[in-house]
Amino acid sequence: MQDPNPSAKSARIIHIADLHPPSLNPTAKTPSYPQTISTEISTKPPKLNTIPTFKPQKYKISLSSLHSHFLSPPQNSRRRKMATASSISLKTFTGLRQNTAEKPHFAAAAAVPAARRPAARQFRVLAAKTSPKLANRNLRVAVIGGGPAGGAAAEALAKGGVETFLIERKLDNAKPCGGAIPLCMVGEFDLPLDIIDRRVTKMKMISPSNVAVDIGRTLKPHEYIGMVRREVLDAYLRERAAKNGATVINGLFLKMDMPEDKNAPYRLHFSEYNGTKGGVGEKRTLEVDAVIGADGANSRVAKSIGAGDYEYAIAFQERIKIPDDKMVYYENLAEMYVGDDVSPDFYGWVFPKCDHVAVGTGTVTHKGDIKKFQLATRNRAKDKILGGKIIRVEAHPIPEHPRPRRLSGRVALVGDAAGYVTKCSGEGIYFAAKSGRMCAEAIVEGSEQGKRMVEESDLRKYLEKWDKTYWPTYKVLDVLQKVFYRSNPAREAFVEMCADEYVQKMTFDSYLYKTVVPGNPLDDLKLAVNTIGSLVRANALRKEMQKL
C-alpha cells in the first residue's frame, strides 16, 4: 500500500533484507512475510524554536528514586507539595514504597474476582456554561489510532455516551515493543490474564563487563510484571471499545480540515480498507466535534495542529523462536543489558513472549548504528538464544519528551503522539492507555455525557491533570538517564546499586503500583552513602580508562 503522506521527502529509507514483517494488507487474516521490507525512519531534525506549552516546575528528586528504571508519580498531596516547593537536589533521600491501603491483589493464575475489580467510573458534570446543548444527537468524537491509547480512549468515550469512531490503519499491527506492563494495569484496565504471555518475577541487569545482578528477590508471591504482545493487547482493547458502542474503522487517516467557526465540525479525510478497492482503499470523509490523536510518534494529527517536533529514539527488535530447552530459561525471566556496545544512551533487552523471545535495543544519539547495536545485543545473549530463528523484525521511532503542543481547539494528543514515553526505561504502554482514558473522561465530563459541545477548556483539564500527576516522573527519569547512562563506568555503578534489596523493593513497588510514599529514613541514608560510593568508584574507573 502506498503511503500518501507528502512528508516522505524528509525520510530516509532503510532496507532490511531477509526479515519477516507482517503484510500491510489490512484484510488478510494470516499475515504474509516477504523477504525484504523498507522501513521509513524520519531523519528530519527537531525544530528548536518551539516552546512547550506546559510550565516548567522545580522538583526535589530523592536519590532513592534515581535508582528506579520505572519510577511512578507522587500520589499524595504532601509529596506533591514537597516536590513543587523545592529545586532539583540530591540533599534529601526519600524512598519509594507502595501504599498498601490502595494496593490491588491479583491471583497469579486466576482472573481477578468481580468484587475486587475497580468500581464503575462516575463522571462529574463539568460542561462549560457557554457550550451549547446538541440537538437530536450526541457528541461525535474520532479517535485516530488503535493502540493502547486509542483503544482505552474509545472505550471510555463510548461508555460515556459519546458517539465514537476509532480509525486504525493496521488491525494486525505488531509494534516493536518490549511489551512490559505493570501489575496495577491489569486491575485498573480489567485485563484478562489470558492475554498476558508471561508473568515475569525475575530480572537480570547485566553490566558492560557482563556482571549480572538478579532483581526480583523482594517480590511477593502474587506480584509480577506482565509481558504482552502488542498485537494481542491492542486488538483486545479495540474489541472491547466496539462492544461498548464504538465504531471501529479499518482505514488510514490522511488529513483534517479545521472548523470554519467555533462550533463547526472537523472534517476528517481517510482511506477505508473494505476489500473493494484493494490495497489503496476507498477515500471517505467524516465530520466530528472533537478529535483524539493516538496515532503514534509519526502522528498526522499532530502535524495537522502544528504540534511541533521532538527528539526521538529508534527502537529495533527481533522476535526469535528459540529451542524449547532454551525457552525454559526465559519462562519467567527478563534480561536487560547496558553498555556502549548495545546502546550509548539506552539498553538492550531480552523479554519472553508466549513461544519466543523479543530481543531489541534503542538509541537517540546514534540512529544510524542501530543494527550494529542490535547485533551486539544478540551477541551478549548468544549462549542463551543459540539455535534461534528470527521470525519477525520490527523498527519504530519512540518519542523522548512531550511535544511542544498537545492540544489545539477540540483536538488533543495522547500516548506516543503526545510524547508520553519515559526516558531511561522506555515505558509507554501504561502511560499511553492512561492518557487516552484521562482525555476521554475529560470529554465525557465536559460534554455532560455527550449532550453538550465541548471546548478547548474542557480538554485542557486532561492536560492539567496529566502534568500535575506525571511531570515529576519524566523529569526524574531524565536526570537518572543523564547520571547513570553517560559512560560504561557509570553503568557499572548503576548495576551495582541494583543489587541492593532496598533499591529493588523501592523500584518494584513504585513500578508495579504507580504509587510513591516515604521510605525508611535509615535505609534512605544507607542508600545515599552506597550511591555516592558507587559514583565515586565509577568516576575513578572512568579516569583510569581514559589514561589507557
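The values are calculated or read from the model by the stated rules, or taken from the named source; none is laboratory data. Small disclaimer: the values here were computed from a predicted structure and weren't measured. Note that we place each Cβ from the backbone using ideal geometry, even for glycine, and neighbour counts take in every protein chain shown. With ligands, DNA and RNA removed, areas are computed over all heavy atoms of the protein, side chains included. Shrake-Rupley method; radii C 1.70, N 1.55, O 1.52, S 1.80 Å.
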- When N counts the residues of region 268-383, how does its alpha-carbon radius of gyration compare numerically with 2.2 N^0.38 Å, as a ratio? 1.49
- Message: I'd like the accessible area for Asp478, computed on protein heavy atoms only with a 1.4 Å probe and all protein chains in place. Round to 10 Å², please.
- Response: 30
- Query: Hey, if you drop one equal point scatterer on each alpha-carbon of region 153-297 and run the Debye formula without solvent, what base-10 log of I(q)/I(0) do you get at q = 0.11 Å⁻¹?
  - Reply: -0.60
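Kirkwood hydrodynamic radius, region 322-433, all distinct C-alpha pairs: what's the number in Å?
On the way: mean 1/r = 0.0638 Å⁻¹.
When all Cα pairs of region 322-433 are included, the Kirkwood radius is 15.7 Å.
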- Task: Would you mind telling me the share, in percent, of accessible area of region 415-512 contributed by carbon and sulfur at probe 1.4 angstrom?
- Result: 49
- Once all Cα-Cα distances of region 338-389 are split into 10 Å bins that start at 0, what whole-number percent is in each one? 28, 51, 21, 1
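Two decimals is fine: what's Rg over Rh for region 242-326, C-alpha atoms, Kirkwood radius as Rh? Display every interim value, and only then the final one.
Details: Rg = 18.2 Å, Rh = 16.2 Å.
Rounded to two decimals, Rg/Rh equals 1.12.
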- Note on the structure: Any residue on another chain or 5+ positions along whose placed amide H is under 5 Å from the amide H of Val143 is listed here as Phe165, Leu166, Ile167, Ile292
- Query: For Lys371, what accessible area in Å² do you get when you roll a 1.4 Å probe over the heavy atoms of the protein chains, rounding to the nearest 10?
  - Reply: 110
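Quick one: plug the Kirkwood hydrodynamic radius of region 139-211 (C-alpha pairs) into Stokes-Einstein at 4 °C, 1.567 mPa s, and report D in µm²/s. Don't skip to the end; give the middle numbers.
Working: Rh = 15.2 Å.
The diffusion coefficient I find is 85 µm²/s.
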- Message: I'd like the distance separating the alpha-carbon centroids of region 339-406 and region 440-488, in whole Å.
- Response: 28
- Give the Rg (one decimal place) followed by the Dmax (whole number) of region 169-241, computed from C-alpha coordinates and expressed in Å. 14.9, 47
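Anything over 22 Å Cα to Cα? Flag those among Lys159/Lys451; Lys202/Lys482; Lys204/Lys353, in the order listed. It would help to have the intermediate numbers written out before the result.
Values: Lys159/Lys451 13 Å; Lys202/Lys482 26 Å; Lys204/Lys353 16 Å.
Among Lys159/Lys451; Lys202/Lys482; Lys204/Lys353, the Cα-Cα distance tops 22 Å for Lys202/Lys482.
Suppose every K and R has +1 on its Cβ and every D and E has -1 on its Cβ; what is the size of the dipole of region 389-518 about the Cα centre, in Debye to the nearest 20?
Numbers: 21 positive and 18 negative charges, 71 e Å.
The dipole magnitude comes to about 340 debye.
Using the heavy atoms of the protein chains alone and a 1.4 angstrom probe, what is the accessible area of region 354-505 per residue in square angstrom? The partial results should precede the final answer.
On the way: 4700 Å² over 152 residues.
The answer is 31 Å² per residue.
Just the Kirkwood number for region 424-477, please: inverse of mean 1/r across all distinct Cα pairs, in Å, one decimal.
Numbers: mean 1/r = 0.0822 Å⁻¹.
Hydrodynamic radius (Kirkwood, Cα only) of region 424-477 equals 12.2 Å.
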- Query: How high is the relative contact order of region 175-324, in percent, with contacts defined as C-alpha pairs under 8 Å that are six or more residues apart?
  - Reply: 17
- Can you work out the base-10 log of I(q)/I(0) for region 289-357 at q = 0.16, 0.17, 0.19 1/Å, using the Debye formula on its C-alpha atoms alone? -0.77, -0.80, -0.85
- Message: Just to confirm, what accessible area per residue do you get for region 190-245 at 1.4 Å probe, in whole Å²?
- Response: 41
